[in-house]
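Taking it in order: structure first as structure tokens, then the write-up.
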Amino acid sequence: MSLYPPFTGAFVYAILNRENIVEDENVFIGTSTLKKDNALMAATIHDVALEAAVGIGTVSRVINNSPRVKPATRERVLAAIDKLHYKPDPIARSMISKRTNSLGVIVPFFTRPFFMEVLRGVEAVSARLGRELILYNVETDAQRDHYFSELPMHRKVDGLLIVSLTPDVSVSCRLKDSGLPVVLIDAYSPLFTSLVVNNVEGAYQAVRGLIEKGHRRIGFINGQIEGNFKFNQANDRLIGLHRAFGEAGLLFEPELVLTSEWSRMGGKQAALQLLSQQKRPTAIFAASDMQAVGVLEAAKDLDIPVPEQLSVMGFDGIEVSELLELSTMLQPMQEMGEVAAAALVEIIDNSTQAPELIRLDHTRSDSPGDGGVTLINTLQPLIHSCILPVFIRKMGQGNHD
């Protein structure tokens, strides 16, 4: 038996009137706040069952879209839900289903343009599928290790997207043993579905394009490897440069290769060093578009016209590259997020699904003033024996004329 008397409509009206919430006494006098058809208490699953003249279990099956409900009964329950404006309690549902209806994303330095574009694709899919998105930004090794360790134990999310961070073998095994669905973006592990682009091939095509335009003294501004994150992108792009040089019979000159932060200012400072050499390069390939923007700034400060005396090639294809008519290697950044998020939800709904490797293509976009052809597909699918036995899915963007 309750220690408190039931509130009357008059009592509730007096309180709400004092707080200037309602003015019309007739709304409450003669009614009880325990009635679900007033504005103070939300309808429950019991009310829906009573309204539809069915059991609570039937209402639950309709809410969870179970096929074990007759069409006529389903329509009656849905009509009751609509009439009572019933909304299932997400916390209660998660306790029963053992799901949070949330996707987690571990991403380093998420304010950088590349990661923002990937996240835009992830968000588009999660919103369309009715999933909440929880972002875990990583800027230190300690943050990364904390998330890798804690998230599988607390299960605050139904699945995890890891962007540009490759878990080592022990961490990968721990994640796998936890049963938490994981998809890697711009990283690879044979234990998880992984979505990658071929940075070696992309860099090779970028440098080869400069060589084909007659350049023989080509500078390269690579990105710094930050912390112990094992960003393979920087290493892969350097390998692509070596491959293009070797194929063309060009001598690799270490003084023409610098590293900088993955930023406009980092690219500018490195470019100033390269362009101040007595025998300066006639072309510069930057590992990211933001660094390439810095190269353009440096060239302007030194009164070096682009592209007349200096060709500049970026990497990523962020929006600013188009505005500045910058030649660049386009990465399908938003598509990477969309495909990965859809793959993660598919794994959540089908936990027996085997890992697969999904490859996406780059395209090259040459600046109109640099004598190039816009949007030429440059990559072919590459399958290596070392990645088996995961399934391999090739997703190209097609040719652009």
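The values are calculated or read from the model by the stated rules, or taken from the named source; none is laboratory data. Fair warning: this is a prediction, and the values are worked out from it, not measured in the lab. Neighbour counts run over all protein chains shown; Cβ positions are idealised from the backbone, glycine included.
Annotations
- The listed residue being in contact with a His (Cβ under 9 Å, 6 or more places away or on another chain) and modelled with pLDDT under 80, out of Ile376, Ile383: Ile376
- Some residue of region 180-191 being hydroxyl-bearing (Ser, Thr, Tyr), in contact with a strand residue (DSSP E or B) (Cβ under 7 Å, 6 or more places away or on another chain) and modelled with pLDDT of 90 or more: no
- Checking region 186-203 against the condition returns a match, with at least one residue being surrounded by fewer than 22 Cβ atoms within 10 Å (Cβ to Cβ) and part of a helix (DSSP H, G or I).
- Answer residue from region 322-355, given it is charged (D, E, K, R) and in contact with a helix residue (DSSP H, G or I) (Cβ under 8 Å, 6 or more places away or on another chain) and is nearest to Gln233 (Cα to Cα) among those: Glu335
- Region 157-179, residues that are under 18 Å from Ser102 (Cβ atoms) and touching a strand residue (DSSP E or B) at 6+ places or on another chain (Cβ under 7 Å): Val157, Asp158, Gly159, Leu160, Leu161, Ile162, Val163, Leu175
- The lone criterion from (1) in a loop (DSSP other than H, G, I, E, B); (2) charged (D, E, K, R); (3) modelled with pLDDT under 90 left unmet by Arg364 is number (1).
- Here Ala299 does not qualify as at pLDDT 95 or above, closer than 18 Å to Tyr204 by Cα and out of contact with any Phe, Trp or Tyr (no Cβ under 8 Å at 6 or more places or on another chain).
- Residue within region 335-355 that is surrounded by fewer than 23 Cβ atoms within 10 Å (Cβ to Cβ), out of contact with any Asp or Glu (no Cβ under 6 Å at 6 or more places or on another chain), of a type in the set (A, V, I, L, M, F, W, C) and without any contact (Cβ under 8 Å) to a residue 60 or more places away in the chain present: yes
- Only a single item in (1) closer than 21 Å to Leu274 by Cα; (2) buried (at least 17 other Cβ atoms within 10 Å of the Cβ) is not met by Leu165, and it is number (1).
- Single unsatisfied condition, Phe252 versus (1) part of a loop (DSSP other than H, G, I, E, B); (2) in contact with an Asp or Glu (Cβ under 7 Å, 6 or more places away or on another chain): (2)
- Residue match in region 169-182 (condition: farther than 21 Å from Ala142 by Cα, surrounded by fewer than 24 Cβ atoms within 10 Å (Cβ to Cβ) and touching a residue at least 40 places away in the same chain (Cβ under 8 Å)): yes
- Criterion (over 30 Å from Tyr147 (Cα atoms), under 25 Å from the mean Cα position of the chain (by Cα) and at pLDDT 95 or above) met by exactly one of Ala286, Ala244: Ala286
- For region 116-142, residues that are closer than 12 Å to Leu165 by Cα and not in a loop (DSSP other than H, G, I, E, B) total 3.
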